[in-house]
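The values are calculated or read from the model by the stated rules, or taken from the named source; none is laboratory data. Computed from a predicted structure; not experimentally measured. Methodologically, a virtual Cβ is constructed for each residue, glycine included, from the backbone with ideal geometry; neighbour enumeration extends over all protein chains shown. The area values use the complete protein model at the heavy-atom level, side chains included, leaving out ligands, DNA and RNA. Shrake-Rupley method; radii C 1.70, N 1.55, O 1.52, S 1.80 Å.
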Amino acid sequence: MSASNKPAVLTVLPLPPFYLEPLKAAFTVHERLHLTDPQAFAKVAPTIRGITGGGESQVPKSLIDQLPALELISIFGVGYDKVDVAAAKARGVPVTHTPEVLNDEVADLALGLMLSVARKIPQSDRYVKDNLWADKGNMPLTRKMSGKRVGIVGLGRIGKAIAQRAAAFDMKIAYTGRNRQPGVAHAWYPSAKELAANVDFLVVITPGGEATRKMIDREVLQALGPEGFLVNVARGTVVDEQALIEALRDRVIAGAGLDVFENEPHVPQALRELDNVVLTPHMASATRETRQAMADLALANLQAHFAGQPLLSPVPECR
Ligand code: NAP
Ligand code: 8YV
């Protein structure tokens, strides 16, 4: 296809080369022009037929309204909580995402954070590297994970992959969600608070957005209690970050492992200074293998649409 008849696509987040390069081969790509050069963007806006970006991408109604030729929004990620799906649907624009291909990776990191915070793996690493082992002797004892109780907030695709791994650690599994799931043998609790009161590890893996905003609040953290650990690999918005900082500081809970934050990439100093947290920079899906699989699926959705073929993975609201 020549440059002139390649469909025009706007990117809304910096994309890795293994996605950007094949994207540029198939489409005329305007890289974040709406953010970097509004005048140039205004000129090309009427030609833009596709949007692509990551799971953290902002696609508000105001952007959709500026693109009269828009036909598809393809998200390189499973979460799409910052995409105004209702506005897109109202314009007849479907939204796609990349479910399933990242389940293993995100579940692996969730278990990694559980082990890291309970066994203090990052702190132990620093202890040896700072030569404190030789200077001060053994580190204080840590906490056991195998055989403990884990509560999964959101037993969906990734939640089930977390449960599968927790079972290999002989953990007792329970969950919460809006509904008890038929055919799932794990104990179900109707709220995060009731679940928290009955587990040692609370792992959050729901979608973000208004429906789950601050679902893990002060009361849930109190219910988890001073022996309990929180792990969040969902979205920062699902946890009341200020309440969490206070709960960690005052030892209302034992510790937390966090991959996501309210105002990424800015993480409050009060959280960064605590010794009972393990923090990672929203990298649960960030391996070469999985990001490649996500890129392939995001690109395949764009290609399918512009070839007049069915979409591979539309979001549930657009099926
Ligand atoms: P999924 O299959 O749709 O599972 C979501 C689960 O959350 C379902 O079990 C659902 O159960 C529950 N849920 C939804 N809304 C809820 C609510 N209002 N209250 C309580 N439970 C609710 O999604 P997934 O593929 O597992 O992905 C989950 C999320 O993980 C994504 O949306 C994304 O935000 C996050 N994620 C983060 C990373 C990262 O890098 N850290 C990577 C990938 C994904 P019910 O329907 O029964 O309520
Ligand atoms: C990535 C994610 O951070 O899939 C999601 O919902 O949050 C992550 O996999 C993201 O999609 C890459 O930008």
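Numerical summary
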quantity	calculated
Per-selection Kirkwood Rh - the range 245-298 (Cα, Å, 1 d.p.)	12.9 Å
Point-to-point label distance, ALA90-GLU317, nm (Cα→Cβ direction, 7 Å offset)	1.1 nm
Cleavage-rule hits, GluC sites (Glu not before Pro), the range 227-319, DSSP coil, Cβ neighbours within 10 Å at most 16	GLU227, GLU273
Farthest toward positive dipole pole in the chain [+1 Lys/Arg, -1 Asp/Glu at C-beta], among THR206, GLY156, HIS34	GLY156
Relative contact order (percent, whole number), the chain, Cα cutoff 8 Å, 6+ residue spacing	16 percent
Rounded to the nearest 20 debye, dipole of the range 1-116 from Cβ charges on Lys, Arg, Asp, Glu	600 debye
Cα-based Rg of the range 166-319 normalised by 2.2 N^0.38 Å, two decimals	1.21
Accessible surface of the range 1-153 [probe 1.4 Å, protein heavy atoms]: carbon and sulfur percent	55 percent
Ordering of 35-48, 127-140 by burial proxy (mean other Cβ atoms within 10 Å per residue, highest first)	35-48, 127-140
Å² per residue, accessible surface of the chain at 1.4 Å	48 Å²
For the chain, size of Cβ-based charge dipole, Lys and Arg +1, Asp and Glu -1, in debye	440 debye
Relative contact order of the range 85-161, defined on C-alpha pairs under 8 angstrom at six or more residues apart (%)	38 percent
Estimated FRET transfer efficiency (SER191, ALA307; beta-carbon r; R0 35 Å; 0.05)	0.15
Computed FRET value (nearest 0.05) for GLN269 with TRP133, which takes r as the C-beta separation and R₀ as 22 Å	0.20
The chain: radius of gyration over Cα atoms, expressed as a fraction of 2.2 N^0.38 Å	1.10
